């Protein structure tokens, strides 16, 4: 990646973080407000980054059109979510060890448009979906779900539960992924989000 000034790096970092949390890019004004500089100064930074090939605009005069180039690489010290991808390891039959120079970034795994949030799991009703007590589920905030998706469902009694969602025969079934638990057939349910990832800490 071409050398950038600390302020230019701040612009890139803010755009990256904003897109990760909102699903779209910030405006020039929002960048200026964050950095406590004028729009003119923001345009100067943006122009310099475009010339270096680190930033581009989908539409020249359209708001929220800023896109980071794939060449943008933040310092590892500034990316606590980035880990070296050291290779593969066998969980079945042994395989040949393969060395890799790749990295995996947890932020970049969840960059689909929309708001995301994280919940800590309490209970064992979803163990057959490899979701266990103490795990963290990453959820995309949505109010609708497709059959078979794992959802965060808010019940009439005010309790939230993590279950597989099914709409069938004019009713909704919230299905656990553990034979020791029974399905729930709520009269009313509010979908709060859909699970898109699981994080487990040992």
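Data overview
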| read-out | value |
| --- | --- |
| All strands (runs of 3 or more DSSP E) inside segment 94-153 with 1 or more residues being modelled with pLDDT of 70 or more | 116-120, 136-140 |
| Residue within segment 20-33 that is under 21 Å from residue 73 (Cα atoms), part of a helix (DSSP H, G or I) and modelled with pLDDT of 90 or more present | yes |
| Selection from segment 53-69 of residues that are in a loop (DSSP other than H, G, I, E, B), surrounded by 16 or more Cβ atoms within 10 Å (Cβ to Cβ) and at pLDDT 85 or above | 54 |
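The values are calculated or read from the model by the stated rules, or taken from the named source; none is laboratory data. Predicted model only: the values in this text are computed from it and were never measured. FYI the Cβ positions are ideal-geometry reconstructions off the backbone, even for glycines, and counts take in every protein chain you see.
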